[in-house]
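The values are calculated or read from the model by the stated rules, or taken from the named source; none is laboratory data. Because the structure is a prediction, the values reported are computed rather than measured. When we count neighbours, we look across all protein chains shown, and the Cβ atoms used for this are built from the backbone with ideal geometry, even at glycine. For the accessible areas, the whole protein counts, side chains as well, though only heavy atoms, and no ligand, DNA or RNA atoms are used. Shrake-Rupley method; radii C 1.70, N 1.55, O 1.52, S 1.80 Å.
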Amino acid sequence: MKNKEYAIVDIETTGGRANRHRVTEVGIVIFDGEKVLERWESLINPEMRIPAGITELTGITMEMVADAPKFHEVARQIVELTQDRIFVAHNSRFDYDFLREEYRRLGYTFSRKQLCTVRLTRKTYPGLKSYSLGNLVRHFGIELKNHHRALADATATTELLKLCLVNADSDKEVKALVNRGITESKLPQNMKLSQIENLPEECGVYYFHNNAGQVIYVGKSKNIRSRVAQHFNDRTAKGKTIAREVADITCELTGSELVALLLESEEIKRLQPSINRAQRHTKFAYAIISEINDKGYRVFDIARNTAQLRKEADVISEFPSLSRAKGRLNFVRKHLDLCGIYTKLSTGSSACFYFHLKQCHGACVEQESPEDYNLRAAEARLLLRNVFDFDFLLFDRGRTHDEEAAILVREGKYQGYTFISKDEANDVESVVRSVKCSQTHPDTARIIQRYVSEKGGRMVDIKTGRRMSLV
């Protein structure tokens, strides 16, 4: 590092999501801790529309960026300006993630040590009402003209950094933040800080190995380096065990967070790591089943999960224990005001226990019609199921900008995943053939359902090639 020099960076963008929006302006100030060495700024043609609200905030219009360089034309300059320097920004994760995504589109991995002035000022000047850049410059009397323009904000951030560096403990605070709070003393005996620093800041699955090379813990993260650092800052019993036993770390990049979740679940079951506690079950002895009773109401029940049951009954989901099955069914019952008798969570021949608590609309005493009740019961079936009713491909982010991940669900269950170029994504048959099938378990369906309900994704029916939805 160049005698601890800082590259103070600010960017303006077309929106708030790095994977969907683009950079419109970059400002960089090179600072050696005492004086400014260089300033650089450039408008960027984002190759997409700038929303009116963003123009109102920043003042950057489509006309201003029409003849500006595209990101790839200034990418080399930004690399050179930030190389071997600490990357500083106010709320650094935002600026850093956007630049990483721009470089990802170019097939380049952008990785720098980071320092966030929001976190640094919180440590140096605790107790302030707000740590936004606008409020901090007013509090400290820092001049800031053209707020929300890149170089102006980078310059103000530089002045803020100066105020923090005069603190007697600034070297210690900066080092702690740059190294994510990890010191050599917190690491296992045979590990070095450089092993953490060399981990990728990408999405994937990571493996902790002991001295014998055995995998003792499997985890997943959208940022492997950051998550591993958190483990070594963890002072719980689990954290201490990791710090005591880990000798090496390996990882597998997935790009897709969903693939990382599925791979983590599969690897925990396959390897049975000693420190992992969740997701170790490989046997699912109980099932939630459903049928329409003689009164026309949809009924749910829990039964022993056998091959005969799966052949004869409408098996919605499978669980490793009776308590897990009851817990899930009760959660859905409460969420949708289902009847206790028709979920077999209450007994009796008249009004169920939950009717008296006003958590049941009275299906058990025929105060609610089967038609009305079954609308909510159908929704419950969707929430409960971990067996799908159709075959589909779910496409997600790949490991590079030109790649996509494809997750295959067929014959009611998750089958595996593959990585394909974006050009191949429309050839459904070819994508299906390229999937390397994995050993699957019922809980993978819940992983897929939860992810899609929260994050969405492009789903394609295998038979028709048409886009579809899980609901």
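Numbers for the structure displayed
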{"read-out": "Average accessible surface area per residue within the chain, 1.4 Å rolling probe, Å²", "value": "50"}
{"read-out": "Mean Cβ count within 10 Å, highest first, over the residues of peptides 273-282, 395-404", "value": "395-404, 273-282"}
{"read-out": "With all protein chains modelled, accessible area of LYS113 [1.4 Å, Å²]", "value": "80"}
{"read-out": "The chain: angle of helix 370-384 to the longest principal axis, Cα-based, in degrees nearest 10", "value": "50"}
{"read-out": "Relative contact order computed over the chain (Cα-Cα under 8 Å; 6+ residues apart), in percent", "value": "9"}
{"read-out": "Counting DSSP beta bridges with both ends in the chain, the antiparallel % (nearest 5)", "value": "90"}
{"read-out": "Distance between modelled label sites at ARG244 and VAL36, nm, 7 Å Cα→Cβ extension", "value": "5.3"}
{"read-out": "Accessible area of the stretch 338-415 belonging to carbon and sulfur atoms, whole % at 1.4 Å probe", "value": "49"}
{"read-out": "Check: the stretch 353-410 dipole with +1 on Lys, Arg Cβ and -1 on Asp, Glu Cβ, in debye", "value": "260"}
{"read-out": "The stretch 133-242, relative contact order [Cα under 8 Å, separation at least 6], %", "value": "17"}
{"read-out": "Span per principal axis, largest first, for the Cα atoms of the stretch 341-470 (Å)", "value": "60, 27, 24"}
{"read-out": "Set of lysines with alpha-carbon distance to LYS455 below 28 Å, sequence-local pairs under 8 removed", "value": "LYS220, LYS222, LYS269, LYS326, LYS334, LYS413, LYS422, LYS436, LYS463"}
{"read-out": "Charge-dipole axis of the stretch 274-337 as Lys and Arg at +1 and Asp and Glu at -1 on Cβ define it, positive-most pick from ALA287, VAL299, LEU322", "value": "LEU322"}
{"read-out": "Solvent-accessible area of MET48 with every protein chain in place, 1.4 Å probe, in Å² to the nearest 10", "value": "60"}
{"read-out": "Charged-residue dipole, Cβ positions (Lys, Arg, Asp, Glu), the stretch 394-447 about Cα centre, Debye nearest 20", "value": "280"}
{"read-out": "Cubic angstrom per residue, convex hull over Cα atoms of the stretch 227-285", "value": "108"}
{"read-out": "Residue-span extension gain [ALA278 to LYS192] - 0.36 nm each, minus C-alpha spacing", "value": "28.1 nm"}
{"read-out": "Accessible surface, 1.4 Å probe, highest first, among residues LEU151, LEU120", "value": "LEU151, LEU120"}
{"read-out": "Check: the chain dipole with +1 on Lys, Arg Cβ and -1 on Asp, Glu Cβ, in debye", "value": "1700"}
{"read-out": "Listed residues ALA380, ASN45, THR254: farthest to the positive end of the dipole of the chain (Cβ charges)", "value": "ALA380"}
{"read-out": "Rounded to 10°, Cα long-axis angle of helix 322-336 versus longest principal axis of the chain", "value": "80"}
{"read-out": "Accessible surface, 1.4 Å probe, highest first, among residues VAL432, VAL166, VAL26, VAL365", "value": "VAL166, VAL365, VAL432, VAL26"}
{"read-out": "Protection-proxy order for peptides 92-102, 411-421, 133-143, each taking the mean of Cβ atoms within 10 Å per residue, highest first", "value": "92-102, 411-421, 133-143"}
{"read-out": "Long-range tail of P(r) for the chain (Cα pairs > 33 Å, %)", "value": "53"}
